[in-house]
Amino acid sequence: MKGNEMKENTAKENITREGNAAQDYVLEITGLDYYIDDVQILKNINLKIMHGEFVGIIGPNGAGKTTLLKCINGINTPGGLVKIKNRDIGKLNEKQVAREVALMSQNTAITFPFPSIDVVLTGRYPYLGFARGESMEDYNVARKYMRYTDTLQFENREITKVSGGERQRILFAKLLTQETDLVLLDEPASNLDIAHVEQIFTYCRELCCAGKTVIAAMHDLKTASKYCPRLILLKDGEIIADGATGEVLTSENLSKAYGVNALVYRNRITGLLDVYIPGFEMRKEKKRIHIIGGGGSASGVIRQLFEMGFDISIGVLTHGDSDSACAEVFGIKRVIDKPFSGISDEAFEENVKYIKESELTILCNMPFGILNLRNLDAAAHASNLAIIEDDSPETRDFTGGEALEIYNELKRKAVVTTFARLHEVIQ
């Protein structure tokens, strides 16, 4: 306990130091704007973050948290200036950026049965020369971080045969294997149980104490307040608060960002900030919504619909799928089938039954293979279908075009949206 308090106090000191030279900043963002087509997603973002800080980015769905992380690591090309250790990332090539900043995405779906060690080794790609494979040193680095994240026992197991939480920790080992000073995490605890949430954020604190910087986009305000000494609150692509946790997590700020009357108080048992929303009631007449997902594509949707009070079901999933684990945590009705085989007639019919009983069916931004192809056939039975399309369907089709043909036919009668705009469809 004392060790954790010392780590937290050290991290808090990082954000209160004054008069530091420019080289103390691992990240500087000036006048950052980002558009998708003609829609402005991020607006005049200005940030300075020092070495050793643990920063949480919070805000409602669609606020721009994930988009900001992708601008920091160069996936998105924004207007304005992003500097990492005083270097403009716009002037760095892909490998140079990857040696400075690593991102663990919210989407943990992996459809090919690679051995877990091979997945972790992909974190070494910034250091590999042309036509040169991994060295023994690269393997040693990968195994070091698998041991650190308690995943070395899965070294030779196929990544598709581990649980969602185990996959999350393996991907965290991959992130660490990249050995960057700046670490970006997008909802790192979304598929983890309570014990492993504690473990992941303990790792983050240790990284910060070693001088690395961690920036995490987080959904859960209580988790953010527990682990992050500094918070950045986004709404509609703008920073509306930035500072120490107690300064950002206020009733006024949460009202501005989330549109709720929130009571923020210090929990006398834990000593941590807590949030209470008085007068919240579940919907008296629950709307039935069925979700078609898998591979982690539905976890965020489940959480959002559950918190909005809808009656939810999901299928067809397999045992060990991270979406199945998420649905189980929230007590969601699930259609489960055997892994590593096509969807059975029984599971297909149960899935169709739920779809026909629902007022809305949501097809998530999931990969399609031969084994889950019948989920697309089931979606055709929906009276109202919404399709979440964050990534091009062509990149998610592993059936040689068969899935894409069914998918495009479904789009003819569906509402197509993104996860960030899903709330507009389900109100």
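The values are calculated or read from the model by the stated rules, or taken from the named source; none is laboratory data. Quantities reported herein were computed from a predicted structural model and do not represent experimental measurements. We place every Cβ from the backbone using ideal geometry, glycine too, and count neighbours over all the protein chains shown.
Selection over the stretch 159-208 of residues that are of a type outside the set (Phe, Trp, Tyr) and more than 20 Å from TYR125 (Cα to Cα) gives a count of 28.
Per-residue answers, yes or no, for (1) in the same structural domain as ALA173 (by TED's automatic domain parsing); (2) in contact with a Gly (Cβ under 8 Å, 6 or more places away or on another chain):
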position	(1), (2)
GLY31	no, yes
LYS43	no, yes
MET50	no, no
GLY62	no, no
LYS85	no, no
ASP88	no, no
ASN93	no, no
LEU121	yes, no
TYR125	yes, no
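Which of the residues that make up the stretch 72-88 are assigned to a loop (DSSP other than H, G, I, E, B) and at negative phi? Hits for the stretch 72-88 are ASN73, ILE75, ASN76, THR77, PRO78.
Meeting the requirement of 3 or more residues that are over 22 Å from GLN106 (Cα atoms), of a type in the set (Ser, Thr, Tyr) and not assigned by TED's automatic domain parsing to the domain that holds ASP337, no helices (runs of 4 or more DSSP H) wholly within the stretch 373-427 can be named.
The set of residues in the stretch 284-334 that are acidic (Asp, Glu), under 21 Å from the mean Cα position of the chain (by Cα) and over 19 Å from ARG421 (Cα atoms) comprises ASP321, ASP323, GLU328. Just one residue in the set ILE314, ILE289, ILE336 is part of a strand (DSSP E or B) and surrounded by fewer than 19 Cβ atoms within 10 Å (Cβ to Cβ); that residue is ILE336. Against the criterion of being within 23 Å of TYR203 (Cβ to Cβ), among the β-branched types (Val, Ile, Thr) and at pLDDT 90 or above, ILE110 does not qualify.
Tallying residues that are touching a residue at least 40 places away in the same chain (Cβ under 8 Å), surrounded by fewer than 20 Cβ atoms within 10 Å (Cβ to Cβ) and not in a helix (DSSP H, G or I) within the stretch 341-366 yields 1.
Counting only strands (runs of 3 or more DSSP E) wholly contained in the stretch 171-236, no element carries 3 or more residues that are of a type in the set (D, E, K, R) and either free of Cβ contacts under 8 Å to residues at least 40 places away in the same chain or not assigned by TED's automatic domain parsing to the domain that holds TYR148 (or both).
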